[in-house]
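**Q** The following block contains the structure, expressed as structure tokens.
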Protein chains: 2
Amino acid sequence: MGRPARHHRETLLESARDLSAQHGPQNLTIARVARRANAPVGSIYHRYKSRAELLGAVWLDLVETFQAQFLACLEGPDPAEAGLASLRFSLGWIAEFPREARLLLLHRREDFAADAWPATYRRRAQRLTAAADRAMANYAERLLGRTDADAMRQVRWLLVDLPRSALRRELEEGGASPAGARELLMATCSFALRRARRQAA
Amino acid sequence: MGRPARHHRETLLESARDLSAQHGPQNLTIARVARRANAPVGSIYHRYKSRAELLGAVWLDLVETFQAQFLACLEGPDPAEAGLASLRFSLGWIAEFPREARLLLLHRREDFAADAWPATYRRRAQRLTAAADRAMANYAERLLGRTDADAMRQVRWLLVDLPRSALRRELEEGGASPAGARELLMATCSFALRRARRQAA
DNA sequence: GTAGTTTTAGAATATATATTCTAAAACGAT
DNA sequence: ATCGTTTTAGAATATATATTCTAAAACTAC
């Protein structure tokens, strides 16, 4: 069976995730991961073919678990209410996993060396965007009754960008938002969703 | 007077700005700037002490000119209307200077090597944030009648983050937003500003 | 023309970091 | 115990890029 492993994929991934959250994925170095995990660099390359693959694993793992739950929120019967549910889910998620949230909200896919990913990772990423596109189109059809470019854009803004703008600041400032700020966010999203639907009708 | 200069601060800065907008400031290399400007690297170091100083000049120039105009929009008599005016200004600005807008919207100050800036640059940056803080506090007082942490947060979200969420997508998708998306943005911001004021009263 | 100055020009150097490589350790099976 | 295998361990290598350095060019003033 060979020499027993002291350093496993999962623990190395955790070190990489923590360090990426702390210093940003661009500044992740293999040497740092090694130091944090008390592992030699050789062991890291034994588990991951390259830095790009390690960073890709961080990103894909995170996005796959987050996105699945996020999109599930959109399935509710009333689209406007479902949109708010997805926002509530996000708020809860970043409270529960602040480190992971930093990674998703404060950095972009390219910061995780996406242009050097192996083919399998590219396929995983494509599946993610395909699933998101499907869900967005489905949601657009239900909220606005159409799925043209304009509709997709509105939906993406309503569900992704608008909430993200508030969550970002929540993270950068540290603690959870005060009551007033959160109320304002919810009310605004609620208004925007209902107005979009009203205009469509 | 010495040998006449073929490469001036300003033209080198332009090259750096264009390349940063195209490939991201993190990926700006001195060699690339040299090639783009048809200048030897020595001439670049003759004008700028370091890569950090060059990137800092890109960022500071941009933010100083943008922020001054942006904050001026907030001076109007009716705070809610002034907030919308600042949004209109931003929309016009990114239509007029799409390359520069990429830099401001898609990247953060740290991406411009802010941690290695010389003291003079740090001071310029401090002046910028001080001016922004003053303007935000002043605006918060006018819109909400208070300037505590909660109020500041709401104002920052209303004036900065919320608009930015839409402008970001506008840039990433290329062309200007379709009519529906822009209407939705304006209506939402208008609602949010007025609701914040209403709640405060 | 000579001296002084600024700028060009790009080669040489330094440094950081990803990646590879060699040797040995630690196990199971025979 | 020996062999085959997996993993550790970290030194050696490769590469990219910022920065420095030396020489010369191109001007002005005298």
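The values are calculated or read from the model by the stated rules, or taken from the named source; none is laboratory data. Owing to the predicted nature of the structure, the values given are computational and were not obtained by experimental measurement. Cβ sites come from the backbone with ideal geometry, for glycine too, and all protein chains shown count toward neighbours. These accessible areas exclude ligands, DNA and RNA; they are computed on the full protein's heavy atoms, side chains included. Shrake-Rupley method; radii C 1.70, N 1.55, O 1.52, S 1.80 Å.
**Q** Regarding B:Asp78, is this residue open to solvent by 10 Å² or more (accessible area, probe 1.4 Å), more than 13 Å from DNA strand C (Cβ to nearest atom) and free of Cβ contacts under 8 Å to residues at least 40 places away in the same chain?
**A** For B:Asp78, the condition - open to solvent by 10 Å² or more (accessible area, probe 1.4 Å), more than 13 Å from DNA strand C (Cβ to nearest atom) and free of Cβ contacts under 8 Å to residues at least 40 places away in the same chain - is met.
**Q** Answer yes or no: is there a residue in the stretch B:167-175 that is in contact with a Cys (Cβ under 7 Å, 6 or more places away or on another chain) and within 10 Å of chain A (Cβ to nearest Cβ).
**A** No, that holds for no residue.
**Q** If A:Ala34 passes every condition in (1) farther than 30 Å from A:Ser86 by Cα; (2) out of contact with any Pro (no Cβ under 8 Å at 6 or more places or on another chain); (3) not acidic (Asp, Glu) but one, which one does it miss?
**A** So the condition that A:Ala34 fails would be (2).
**Q** Right, next: Just name the residue that is farthest from DNA strand C (Cβ to nearest atom) out of those in the stretch B:4-23 that are open to solvent by 20 Å² or more (accessible area, probe 1.4 Å) and assigned to a helix (DSSP H, G or I).
**A** So, considering only residues that are open to solvent by 20 Å² or more (accessible area, probe 1.4 Å) and assigned to a helix (DSSP H, G or I), the one farthest from DNA strand C (Cβ to nearest atom) is B:Gln22.
**Q** Among the residues of the stretch A:24-68, write down those that are touching a residue at least 40 places away in the same chain (Cβ under 8 Å), within 14 Å of DNA strand D (Cβ to nearest atom) and open to solvent by 60 Å² or more (accessible area, probe 1.4 Å).
**A** Within the stretch A:24-68, A:Gln26, A:Arg47, A:Lys49, A:Arg51 meet the criteria.
**Q** Taking the options A:Glu100, A:Glu170, name whichever one is within 22 Å of B:Val155 (Cα to Cα), acidic (Asp, Glu) and either open to solvent by less than 50 Å² (accessible area, probe 1.4 Å) or at pLDDT 95 or above (or both).
**A** A:Glu170
**Q** Go through (1) of a type outside the set (A, V, I, L, M, F, W, C); (2) part of a helix (DSSP H, G or I); (3) free of Cβ contacts under 8 Å to residues at least 24 places away in the same chain one by one and return the number of the condition A:Gly174 breaks.
**A** (2)
**Q** Conditions first: (1) within 14 Å of chain A (Cβ to nearest Cβ); (2) open to solvent by 30 Å² or more (accessible area, probe 1.4 Å); (3) away from DNA strand D (no atom under 16 Å from the Cβ). B:Ser90 passes all but one, so which condition is the exception?
**A** Against the list (1) within 14 Å of chain A (Cβ to nearest Cβ); (2) open to solvent by 30 Å² or more (accessible area, probe 1.4 Å); (3) away from DNA strand D (no atom under 16 Å from the Cβ), B:Ser90 comes up short only on (2).
**Q** Quick one: B:Ser190 ticks every box in (1) within 29 Å of B:Pro25 (Cα to Cα); (2) open to solvent by less than 40 Å² (accessible area, probe 1.4 Å) except a single one, so which number is it?
**A** Among (1) within 29 Å of B:Pro25 (Cα to Cα); (2) open to solvent by less than 40 Å² (accessible area, probe 1.4 Å), the lone unmet condition for B:Ser190 is (1).
**Q** Could you please give the count of residues in the stretch A:144-159 that are in a loop (DSSP other than H, G, I, E, B) and closer than 13 Å to A:Asp133 by Cβ?
**A** Selection size over the stretch A:144-159: 1.
**Q** Related question: Here is a list: A:Leu62, A:Leu54. Which entry is farther than 30 Å from A:Ala200 by Cα, in a helix (DSSP H, G or I) and more than 16 Å from DNA strand C (Cβ to nearest atom)?
**A** The conditions single out A:Leu62.
**Q** Exactly one of these conditions fails for A:Ala135: (1) closer than 17 Å to A:Leu60 by Cβ; (2) more than 14 Å from every other protein chain (Cβ to nearest Cβ). Give me its number.
**A** (1)
**Q** Another question about this same structure. Being more than 10 Å from chain A (Cβ to nearest Cβ) and open to solvent by less than 30 Å² (accessible area, probe 1.4 Å) is the filter here, so list the residues in the stretch B:141-154 that pass it.
**A** B:Leu143
**Q** Additional query: Looking at the structure I just gave you, is A:Glu110 within 16 Å of DNA strand D (Cβ to nearest atom), without any contact (Cβ under 8 Å) to a residue 60 or more places away in the chain and within 17 Å of the chain's Cα centre (by Cα)?
**A** yes
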